[in-house]
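The values are calculated or read from the model by the stated rules, or taken from the named source; none is laboratory data. Just so you know, these numbers come straight off a predicted model, no measurement behind them. Please note: Cβ atoms are built from the backbone with ideal geometry, for glycine as well, and neighbour counts cover all protein chains shown.
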Amino acid sequence: QDALDLQIRPEWKELIVTAVSFPGTSTVLGYPRIGPRRELKRALESYWEGAASADDLRAAGAGLREQTWRRLAGLGLAALPSNTFSYYDQVLDTAVALGAVPARYRAGTPEQTYFAMARGTAGLAPLRMTKWFDTNYHYIVPEIGPDTEFGPADPGKALAEVREARALGYETRPVLVGPITFLLLAQGTAPLDRLDDVLGGYAALLAALADEGVDWVQLDEPALVADRTPAELAAVRAAYDRLGALPRRPALLVASYFGDLGEALPALAESPIEGIAVDLVRGEVPRHPALAGKVVVAGVVSGREVWRTDRDRALASLHAIQAGQVVVGTAGSLLHVPYDVEAETGLEPALRDRLAFAEQKVAEVVELAELFASGVRPQRAAVPSRPRESAPVAEREGRSPYPVRAAAQAGRLSLPVLPVTTIGSFPQTGELRAARAQVAAGTLTEADYEALVRGEIEHAIGVQERLGLDVLVHGEPERNDMVQYFAEHLDGFAVTRHGWVQSYGSRCTRPPILHGDVSRPGPITVRWATYAQSLTAKPVKGMLTGPVTITAWSFRRDDLPLREVMYQVADAIRAEVADLEAAGIGIVQVDEPALRELLPLRRADQDAYLAGAVGAYRRATSGAGDSTQIHTHLCYSDADQIAAAIDGLDADVTSVESARSDGRILAESAVGAFTRGLGPGVYDIHSPRVPSVTEVEKLLGAALAVLPAGRVWVNPDCGLKTRTYPQVEAALANLVTAAASARQAL
Ligand code: GLN
Ligand code: ZN
């Protein structure tokens with residue numbers, strides 16, 4: 001302590017006010033909100049379908065919030081967050097709270113405006129959506145530019161949650177996305193130039209919350225754990241100096257997570273905020289003399305992984321922090337893990353004992369807070385949390401250069417120019433999902449289920465034949481999910497029954513748990529692909545999920561380097577590619593929508609990751625012969641940081657999102673990343689609206705302006721699983737028509 005005092009520079013002295021005390025010794029930064037049985041998903045979807053009223057939806061939301069607060073308090077958690085609930089997305093909620101609603105959406109009821117931004121309407125495209133840092137959660141991208149007119153700040157939602165919790169007897173800490181992260185995630189010209197205006201909005205929100213008697217507010221700033229320019233760091237200082245100096249405001253907890261604050265730590269520590277939350281799972285124990293006057297919420301329980309917390313490691317971190325007050329917390333929100341491992345009665349007990357989902361993590365936080373408060377020390381020296389990366393395993397190569405392959409494929413496939421295809425899945429009917437549940441429950445035989453799947457394949461092939469697509473797909477009716485399906489058929493994975501995690505809006509995924517060595521007991525997709533191919537003379541694409549994506553969308557073991565885990569999965573997929581090929585399938589798509597997702601947030605770590613990811617993909621695909629066309633699909637088109645990696649995949653054809661972002665991929669700088677076949681999506685499947693022929697023609701025209709026609713493919717942005725057949729048929733018919741007219745114009 002003395003040593004620390006000596007280091008305190010005079011100018012910091014004034015920053016070291018007595019720490020404002022935090023209401024308790026344990027907290028979480030956020031909690032899942034979709035409902036333990038996806039109640040919110042159902043409520044949202046029936047509201048969207050018009051089967052339920054806005055009041056019904058609100059009642060469902062209120063019920064879930066109450067359940068969450070009662071559960072957290074019941075588990076003994078001291079400080080409860082609020083405003084972590086959302087009907088769609090917390091970034092969108094923050095945009096609404098700041099009055100950053102683009103004028104074109106300002107019509108109708110507040111609900112209509114909100115969901116129009118999130119999902120679009122018949123006449124209006126939604127706002128963009130993209131991945132939240134290195135997670136599989138998608139946020140709605142705010143539009144902030146030089147001309148953005150901010151409406152008045154609207155504290156309504158945050159205040160309502162505070163009051164709702166108070167009525168139940170709980171004082172809470174409302175959570176908002178912080179100003180720097182909000183602006184850095186926004187789309188538009190130099191959003192950070194609008195910092196002043198946005199801070200005006202935060203000032204109004206904070207004043208309203210202070211008037212409500214709120215003591216603490218949490219501002220989430222995960223953007224601060226990535227590399228930031230000096231200008232951005234200056235903005236951090238400016239923002240928190242200004243918010244800190246507000247005369248009427250609650251105490252501020254600025255929450256960082258998903259990594260280490262690095263250079264942003266001094267900016268925060270030297271600002272007049274009262275608390276900082278840090279990620280001690282991925283980051284270092286923060287050291288700064290000014291922390292002596294602050295609350296540090298120590299994120300020792302992971303918000304991202306599902307393994308039980310290493311108690312000794314957590315205690316060692318807690319004891320190493322020098323701060324005014326140390327509060328035990330989670331590293332980030334628990335939004336990204338499922339609710340409750342106790343619900344997983346089907347898991348092997350030995351595996352289940354190693355797992356902690358949200359509820360168990362809250363219990364861990366509470367227990368660690370008790371141990372820490374009673375001075376318990378770790379029993380053994382802390383072990384490094386992550387295994388060291390081992391030397392790269394040699395890649396397997398085999399394919400000829402692209403021009404040689406392209407010629408071999410052209411000879412074999414004889415496709416028209418501008419071939420029309422889809423990304424893989426066709427609409428999944430409720431009947432099919434119900435049938436899977438019945439098989440699981442033992443009330444439907446495998447044989448009956450298979451017959452149903454075959455029927456769906458026949459239907460999908462029939463539709464594609466009738467509409468005149470050029471490369472067909474079987475439609476993936478046998479798959480509950482593109483990752484879970486493979487996990488169920490590979491050794492080394494376990495799958496959960498209720499382990500849902502929100503992906504976007506009402507969409508959830510159930511990440512499998514990759515806990516052991518991965519291997520493939522037998523062919524997985526071959527019989528479906530060959531059945532589909534038997535129904536048509538047109539080529540059917542075999543459809544696989546890539547090793548990076550299977551790994552990224554699973555909760556994975558942390559005792560092996562990521563690269564080795566990906567390579568194990570890659571070898572299983574390589575065997576499947578070989579079996580498809582042997583069965584006569586001429587095109588195999590190996591999807592890697594998650595290629596960018598695991599990209600480390602710090603540039604210094606990115607090359608090693610990308611080398612491993614590309615190595616895994618090539619390991620999976622490089623066994624294919626030259627005349628077998630390898631496709632890949634990425635759900636986005638933002639190639640800036642991963643252009644070289646996309647090229648490195650060496651896929652013959654890559655399909656990407658483009659319609660939703662209005663063809664941004666076709667900007668010269670971006671399109672240069674694609675030196676082989678490219679299918680820039682011309683149909684935004686995230687929204688129920690059907691693109692017109694003219695719209696598709698325009699997007700195709702834009703592609704043909706920058707790419708040689710011989711390399712352009714015509715396809716949707718992504719799979720069609722979430723759409724209905726009427727929407728899909730209408731849209732695909734327009735794609736075929738637009739492609740035909742574009743061919744004529746060549
Ligand atoms: N082939 C998958 C599908 O169409 C790809 C999904 C995805 O990119 N997320 O559903
Ligand atoms: Zn996709």
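Annotations
- Count of region 708-739 residues which are farther than 22 Å from Gln428 by Cα and free of Cβ contacts under 8 Å to residues at least 40 places away in the same chain: 2
- Hey, Asp211 in contact (Cβ under 8 Å) with a residue 60 or more places away in the chain and more than 18 Å from Gly293 (Cα to Cα) or not: no
- In region 657-690, the qualifying residues are those that are aliphatic (A, V, I, L, M) and within 23 Å of Thr724 (Cα to Cα), and the one that is surrounded by the most Cβ atoms within 10 Å (Cβ to Cβ) is Val682.
- Among the criteria (1) at pLDDT 95 or above; (2) within 26 Å of Val656 (Cβ to Cβ); (3) of a type in the set (Lys, Arg); (4) out of contact with any strand residue (DSSP E or B) (no Cβ under 6 Å at 6 or more places or on another chain), the one Arg527 does not fulfil is (2).
- From the list Arg304, Arg311, the one residue that fits, being farther than 13 Å from Ala331 by Cβ and either under 23 Å from the mean Cα position of the chain (by Cα) or surrounded by fewer than 21 Cβ atoms within 10 Å (Cβ to Cβ) (or both), is Arg311.
- Residue check for Val712: β-branched (Val, Ile, Thr), modelled with pLDDT of 95 or more, within 16 Å of ligand 1 (Cβ to nearest atom) and within 27 Å of Asp647 (Cβ to Cβ): no
- Matching residues, region 316-345, being assigned to a helix (DSSP H, G or I), buried (at least 21 other Cβ atoms within 10 Å of the Cβ) and not hydroxyl-bearing (Ser, Thr, Tyr): Leu318, Leu334, Leu335, His336, Val341
- So Glu668, is it within 16 Å of ligand 2 (Cβ to nearest atom) and charged (D, E, K, R): no
- So Arg520, is it buried (at least 19 other Cβ atoms within 10 Å of the Cβ), over 24 Å from the mean Cα position of the chain (by Cα), away from ligand 1 (no atom under 14 Å from the Cβ) and farther than 16 Å from His631 by Cβ: yes
- Of all residues in region 623-659, those satisfying the criterion of being within 16 Å of ligand 2 (Cβ to nearest atom), aliphatic (A, V, I, L, M) and either under 23 Å from Pro539 (Cβ atoms) or touching a strand residue (DSSP E or B) at 6+ places or on another chain (Cβ under 6 Å) (or both) are Leu634, Leu649, Ala651, Val653, Val656.
Here's the yes/no breakdown for (1) over 20 Å from the mean Cα position of the chain (by Cα); (2) at pLDDT below 95:
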| residue | (1), (2) |
| --- | --- |
| Pro539 | yes, no |
| Met543 | yes, no |
| Leu560 | yes, yes |
| Glu597 | no, yes |
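- Scoring Thr724 on the criteria (1) within 16 Å of ligand 2 (Cβ to nearest atom); (2) surrounded by fewer than 23 Cβ atoms within 10 Å (Cβ to Cβ); (3) polar (S, T, N, Q) leaves a single failure, condition (1).
- Cross-chain or 6+ apart pairs with Cβ under 6 Å, region 608-637 first and touching a residue at least 40 places away in the same chain (Cβ under 8 Å) and farther than 22 Å from Val471 by Cβ, then within 16 Å of ligand 2 (Cβ to nearest atom) and among the polar types (S, T, N, Q): none
- Any hit, region 131-144, residues being farther than 28 Å from Val365 by Cα and acidic (Asp, Glu): yes
- Each residue in region 286-307 was checked for being assigned to a helix (DSSP H, G or I) and in contact with a helix residue (DSSP H, G or I) (Cβ under 6 Å, 6 or more places away or on another chain), and 3 pass.
- Close pairs (6 angstrom Cβ cut-off, 6 or more residues apart or separate chains): over 21 Å from Thr509 (Cα atoms) and part of a helix (DSSP H, G or I) in region 41-59, of a type in the set (Phe, Trp, Tyr) and modelled with pLDDT of 95 or more anywhere: Leu57/Tyr47
Conditions (1) in a loop (DSSP other than H, G, I, E, B); (2) under 20 Å from Arg228 (Cβ atoms), marked per residue:
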{"position": "Leu252", "(1), (2)": "no, yes"}
{"position": "Gly262", "(1), (2)": "yes, yes"}
{"position": "Leu268", "(1), (2)": "no, yes"}
{"position": "Ile273", "(1), (2)": "yes, yes"}
{"position": "Ala277", "(1), (2)": "no, yes"}
{"position": "Glu284", "(1), (2)": "yes, yes"}
{"position": "Thr309", "(1), (2)": "yes, no"}
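- When residues of region 468-485 are limited to those that are within 11 Å of ligand 1 (Cβ to nearest atom) and of a type in the set (Asp, Glu), the one farthest from the chain's Cα centre (by Cα): Glu476
- Figure legend. Inter-residue proximity from region 501-529: first residues touching a residue at least 60 places away in the same chain (Cβ under 8 Å) and farther than 27 Å from His459 by Cα, second residues assigned to a strand (DSSP E or B) and of a type in the set (S, T, N, Q), beta-carbon distance below 8 Å, spacing 6+ or different chains. Indicated pairs: Val501/Thr509; Ser503/Thr509.
Matching residues to (1) away from ligand 2 (no atom under 16 Å from the Cβ); (2) of a type in the set (A, V, I, L, M); (3) crowded, with 17+ Cβ neighbours inside 10 Å; (4) within 22 Å of the chain's Cα centre (by Cα):
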| residue | (1), (2), (3), (4) |
| --- | --- |
| Ala594 | no, yes, yes, yes |
| Arg603 | yes, no, no, yes |
| Asp607 | yes, no, no, yes |
| Val614 | yes, yes, yes, yes |
| Arg618 | yes, no, yes, no |
| Thr621 | yes, no, yes, no |
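- The set of residues from region 700-719 being within 14 Å of ligand 2 (Cβ to nearest atom) and either small (Gly, Ala, Ser) or part of a helix (DSSP H, G or I) (or both) comprises just one member, Gly719.
- Ile685 within 15 Å of ligand 1 (Cβ to nearest atom) and out of contact with any Gly (no Cβ under 9 Å at 6 or more places or on another chain): no
- Qualifying residue in region 179-196 (condition: polar (S, T, N, Q) and buried (at least 19 other Cβ atoms within 10 Å of the Cβ)): yes
- Qualifying residue in region 442-457 (condition: at pLDDT 95 or above and among the basic types (Lys, Arg)): yes
- Residue pairs meeting the criteria (Cβ under 7 Å; at least 6 apart or on separate chains; first farther than 17 Å from Pro726 by Cβ, in region 448-471; second surrounded by fewer than 22 Cβ atoms within 10 Å (Cβ to Cβ) and among the acidic types (Asp, Glu)): Val453/Glu478
- Just so you know, in region 684-713 the residues that are of a type outside the set (A, V, I, L, M) and under 28 Å from the mean Cα position of the chain (by Cα) include one that is nearest to Ala733 (Cα to Cα), and it is Pro691.
- Restricting attention to region 638-694, the residues that are modelled with pLDDT of 90 or more and among the polar types (S, T, N, Q) add up to 6.
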